[in-house]
1. If I filter segment 1-32 down to residues being in a loop (DSSP other than H, G, I, E, B) and β-branched (Val, Ile, Thr), which single residue comes out as most open to solvent (accessible area, probe 1.4 Å)?
2. Hey, can you tell me all the residues within segment 33-56 that are outside any loop (DSSP other than H, G, I, E, B), over 16 Å from Gln81 (Cβ atoms) and either modelled with pLDDT under 95 or open to solvent by less than 40 Å² (accessible area, probe 1.4 Å) (or both)?
3. Count, please, the residues in segment 97-114 that happen to be buried (at least 20 other Cβ atoms within 10 Å of the Cβ), at pLDDT 95 or above and over 13 Å from Leu18 (Cβ atoms).
4. Scan segment 57-80 residue by residue and report those that are surrounded by fewer than 16 Cβ atoms within 10 Å (Cβ to Cβ) and either acidic (Asp, Glu) or more than 20 Å from Ala14 (Cα to Cα) (or both).
5. Tell me the residue from Arg38, Arg45, Arg100, Arg66 that is touching a residue at least 40 places away in the same chain (Cβ under 8 Å), touching a helix residue (DSSP H, G or I) at 6+ places or on another chain (Cβ under 9 Å) and not aliphatic (A, V, I, L, M), please.
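The values are calculated or read from the model by the stated rules, or taken from the named source; none is laboratory data. If you're wondering where the values come from, they're calculated on a predicted model, not measured in any experiment. Cβ coordinates were reconstructed from backbone atoms using ideal geometry, including for glycine residues, and neighbour counts include every protein chain displayed. Heavy atoms of the whole protein, side chains included, go into the accessibility calculation; ligands, DNA and RNA do not. Shrake-Rupley method; radii C 1.70, N 1.55, O 1.52, S 1.80 Å.
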Amino acid sequence: QVQLVESGGGLVQAGGSLRLSCAASGSIFSINAMGWYRQAPGKQRELVATVTSGGGTSYGDSVKGRFTISLDNAKNTVHLQMNSLKPEDTAVYYCNADYRWGILNHVNWGQGRQVTVSS
């Protein structure tokens, strides 16, 4: 069906920057929205940011002003630029895609990328 291929993330010290990317591929479809969610050990998965194919964005309160999400509609790829990173940003970040395949809507998740911010 549709696969989500994630890249980026890694280890950085506080105040630094990292970038995450996620490309959706596999079938003919159209993206409704893509985004990133994160989950730290012992915590619930939470919204980081989402972007619709029309360009509308939404951010979690904790990342507003620091993270920027963008969607390349032609490549079905979402990018998350993370600046001014804090230790509390440390988590596994999961890509999410909401898309149409045939006449139905579907939601897929990536396997997750580790982001670690040291103090």
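1. In this case the residue turns out to be Ile28.
2. Ala33
3. 2
4. Thr57, Ser58, Asp61, Ser70, Asp72, Asn73, Ala74, Lys75
5. Arg38
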